[in-house]
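Could you have a look at this structure, given as C-alpha cells, before my questions?
The values are calculated or read from the model by the stated rules, or taken from the named source; none is laboratory data. Keep in mind that what you see is a predicted model, and the values were worked out from it rather than measured. Cβ: placed from backbone, ideal geometry, glycine included. Neighbour counts: every protein chain shown. Calculation scope for accessible area: heavy atoms of the full protein, side chains included, ligands and nucleic acids excluded. Shrake-Rupley method; radii C 1.70, N 1.55, O 1.52, S 1.80 Å.
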Amino acid sequence: MLLGWLLSLFGLLPENSTDKATEKSELMPQSTKKITMGALYTLLRQKAPEGQIFLSDREYKLCHINDITAFLVHSVVDRGKYVADRFDCDDFSFRLMGEFSVPGWAELAFGIVWTNKHAFNCFVNEDKRLQFVEPQNDKVYSHLPEWMGTKIRLIVM
C-alpha cells in the first residue's frame, strides 16, 4: 500500500495498475462553488465560537457531498488499526487530511477538527454547512454527535 502510494506520487506506477492511489489521482472533484477565507472564517466561527481556527488559503471550493463520498471510497485511512497513543484519532484525521492534500483536492474546504473528546475531519458543503467525517470508518455526519465532543477547540483547513 505505502509503496504503491509512493510510486504514484512520483508517477512511477504502470498505466494498467489498479492501485487505489492511482484511482484516486484520476478522480477529480466536481465542486465549483467558491468561498473566500473571510466568509469561511465567519461560518466556522459560528460553529466554534471559542475554538481556534486556522485557514491557510485565500479561497476554497465548497465540497459537494458526492466528491467527498467518492474520495472516501478510495481512501485507505479507515483500514488502519487504532492503537491508543500511537495511531489514534488525531493520527487518523491527519492522515485523511494528507490524502486530500493533493492537486485538485487541496482546494476544497476540508480540514481537521479537535473537540473536547475527539479528533476527526470536517468539510463545508455547497450549502455552506459544516459537516463532519469520522476517518476511522468514513461516516459523514451533518451534526456533531455527542460522542465526538460537545465543544470544538480547533479547526485547521
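Determine ³J(HN,Hα), in whole Hz, for all residues of region 125-135 in sequence, where each value follows from phi through the Karplus function 6.51 cos²θ - 1.76 cosθ + 1.60 and θ = phi - 60°; x replaces Gly and Pro.
Computed from phi, the couplings for region 125-135 are 7, 5, 8, 6, 10, 6, 10, 10, 10, 8, x Hz.
Could you tell me the accessible area of residue 28 in Å² (1.4 Å probe, neighbours in place), rounded to the nearest ten?
Near enough 80 Å² of accessible area.
Turning to a different aspect of this structure: Considering amide H positions built from the backbone, and no H for Pro or chain starts, which residues 5 or more places from residue 122, or on another chain, come under 5 Å of its amide H?
Answer set, sorted by chain and number: 111, 112, 113, 133.
Let me cross-check residue 140: its accessible surface, 1.4 Å probe, with only protein heavy atoms counted, in Å² to the nearest 10?
That residue has around 50 Å² of solvent-accessible surface.
Now a separate question. Using the structure shown, select from 47/117; 34/128; 47/81 the pairs with a Cα to Cα distance greater than 20 angstrom. Let's see the in-between values first.
Numbers: 47/117 16 Å; 34/128 10 Å; 47/81 30 Å.
In this structure, 47/81 lie more than 20 Å apart at Cα.
Another one. How do 82, 141 rank by accessible surface area computed with a 1.4 Å probe, from largest to smallest?
Values: 82 115, 141 50 Å².
Accessible-area ranking of 82, 141, largest first: 82, 141.
I've got another one for you. Below 14 angstrom from the Cβ of residue 33, what's the summed charge of the other residues (Lys, Arg +1; Asp, Glu -1)?
Working: positive: 34, 61, 128, 129; negative: 59, 67, 107, 126, 127.
Around residue 33, the charge tally is -1.
Can you find, among 114, 100, 125, the residue sitting farthest towards the positive end of the charge dipole of region 95-138, where Lys and Arg contribute +1 and Asp and Glu -1 at Cβ?
114
Over region 71-124, average the accessible area per residue using a 1.4 Å probe and give it in Å², no decimals. Show your work: numbers first, answer last.
Values: 2360 Å² over 54 residues.
It amounts to 44 Å² per residue over region 71-124.
Could you order 122, 89 by accessible surface area, starting with the largest, using a probe radius of 1.4 Å? Let's see the in-between values first.
Working: 122 0, 89 30 Å².
In descending accessible area the options line up as 89, 122.
Treating only the Cβ atoms of Lys and Arg (+1) and Asp and Glu (-1) as charged, compute the dipole magnitude of region 19-122 about its Cα centre; round to the nearest 20 debye.
Details: 13 positive and 14 negative charges, 53 e Å.
Here the size comes out at about 260 debye.
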